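Below: one structure, written as structure tokens.
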Amino acid sequence: MPQNRFLFGLLGGVLALVIVLRMCTFTVRETENAIVIVLGNPRGVVTEAGLNFKLPWADIVKVDKRNLEFDLDRAMEVSDVKQERLTVDAFARYRIVEPLVYYQRFKTSGAADDESLKRAGQEAIKRIMQNSLRQTLGEVSIEDIVTNLRAELMKRIATRMEDEARKFGVEIIDVKIRRADYPADIAQTVYDQMSSARKEEAELIRSEGKRESTRIQAEANRKRAEILADANRQSLEITGQADATRNCIFAGAYDGLPVKIDEVQREVAEGDAASNVGAVITCEFTDPNAQRDPQRAEFFAFYRSLLAYEEALKKGDTTILISPDSEFMRYFNNLEGKR
């Protein structure tokens with residue numbers, strides 16, 4: 001019996017010691033700060049992680065010191081500077097930098113433990129976030145909110161929130177607008193109007209493109225006509241020069257007299273492509289007093305007759321009816337080619 005009493009006494013002492021230790025110590029993690037509360041009044045803040053001692057009747061309230069995120073539970077409606085409605089969904093990142101101020105601010109609202117303190121703090125952040133969104137977005141148009149000034153507006157919202165959040169020991173790190181859109185009841189109407197405006201703009205661009213295409217086509221056709229006309233002119237001039245040269249040669253051959261052919265350049269238009277365009281062909285006998293060479297003239301006549309026979313007697317269905325003693329057949333009737 002004495003031995004049993006000793007064991008029970010020892011166990012009771014150990015249990016009492018454990019209870020006393022639990023009542024007089026507390027642990028702080030790396031991710032939190034601890035506020036020591038004595039008889040309802042905060043006595044200090046423990047920021048270092050580890051085991052700490054306290055009075056048995058003191059209470060401990062833990063405050064998270066990590067970067068936290070608050071997300072609106074649902075998108076809220078705001079009005080822009082033109083009083084057009086817009087649905088906005090946003091979130092904020094924040095950090096509790098003054099845990100004692102944070103606790104004192106929300107203690108009066110009944111937040112006495114960790115969870116109630118966290119809920120009270122998030123309600124305050126929600127309130128200032130909604131107010132900042134309404135004030136900031138109400139100063140600009142929807143176009144600025146959606147595209148033009150989105151990044152700048154998020155900075156303005158964060159600055160407004162920071163001014164209020166500092167009053168209860170919170171630092172605002174960042175604010176992001178996740179979505180900004182028209183409310184469901186007017187979204188389709190707005191989208192239809194935007195679609196119609198874009199179609200009108202596209203039609204205007206197409207009509208301007210067609211007009212420009214027509215102008216370019218007309219300009220190209222005009223230049224083409226000018227180029228072709230100039231090429232035809234040059235071709236005719238070159239052909240005329242060639243014909244003049246040929247006729248001069250024929251004239252000399254027919255008369256049996258030597259001829260001299262000169263090409264005299266005349267002034268041509270600026271930008272003329274052909275170097276010989278604008279030339280004048282001159283033909284003159286080298287010796288106007290020379291005697292006509294009958295044999296040379298006769299040979300030329302014979303040669304021209306052969307060319308005529310070749311052209312007239314080509315294979316085909318053409319039938320020629322002429323008199324045997326005609327001028328055309330004189331070289332067939334007379335072996336010497338004489339009349």
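Bear in mind these aren't lab numbers, they're just calculated from the coordinates by the rules spelled out. Because the structure is a prediction, the values reported are computed rather than measured. Here Cβ is always computed from backbone atoms with ideal geometry, including for glycine, and neighbour counts include all displayed protein chains.
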Each label point is 7 Å from the Cα along the Cα-to-Cβ direction; what then is the distance between the points at R296 and A218, in nm? 6.1
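Between V97 and M76, what FRET efficiency comes out of the Förster formula 1/(1 + (r/R0)^6) with R0 = 22 Å and r the beta carbon distance, rounded to 0.05? Please report the intermediate quantities before stating the final value.
Numbers: r = 27 Å, r/R0 = 1.22.
Using R0 = 22 Å, I get an efficiency of 0.25.
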Alpha carbon centroid spacing (whole Å) that separates the stretch 189-240 from the stretch 49-64: 84
What is the calculated FRET efficiency for D114 to R134, with r their C-beta to C-beta distance and R₀ = 25 Å, to the nearest 0.05? 0.20
Hey, how many Å between the Cα centroid of the stretch 23-38 and the Cα centroid of the stretch 148-182? 32
What FRET efficiency comes out for the pair T147/V45, r = Cβ-Cβ distance, R0 = 45 Å, nearest 0.05? 0.50
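Would you tally the net charge around R166, using a Cβ to Cβ cut-off of less than 13 Å, leaving R166 out, and scoring K and R as +1, D and E as -1? It would help to have the intermediate numbers written out before the result.
Values: positive: R95, R105, R160, K167; negative: E98, E162, D163, E164, E171.
Within the 13 Å Cβ shell, the charges total -1.
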Distance in nm between label sites at T239 and K314, each 7 Å beyond Cα in the beta-carbon direction? 1.8
Once the piece of chain linking E208 and F250 is laid out straight, how much longer is it, given 0.36 nm per residue of separation minus the C-alpha distance between them? 8.9 nm
The exposure ranking of F302, F26, fewest beta-carbon neighbours within 10 Å first, is F302, F26
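Within a Cβ distance under 15 Å of V36, other residues only, what is the Lys/Arg minus Asp/Glu net charge? Don't skip to the answer; put the middle values down first.
Working: positive: R43, K54, K62, K107; negative: E32, E48, D59, D113, D114.
That works out to -1.
Based only on other Cβ atoms within 10 Å, what is the fewest-to-most ordering of K314, K155? Kindly include the intermediate steps, with their values, before the conclusion.
Numbers: K314 8, K155 13.
Least crowded to most crowded, the residues run K314, K155.
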Going by how many other Cβ atoms sit within 10 Å of their own, how do I322, I261 line up, fewest first? I322, I261
Less than 15 Å Cβ to Cβ from V46, Lys/Arg counted +1 and Asp/Glu -1: what total charge do the surrounding residues give? -2
What is the set of long-range amide H partners of V259 at a cut-off below 5 Å, with H atoms built 1.01 Å from backbone N? T286
May I ask you to compute the full-extension gain from Q83 to R178, defined as 0.36 nm times their residue separation minus their alpha-carbon distance, rounded to one decimal in nm? 32.1 nm
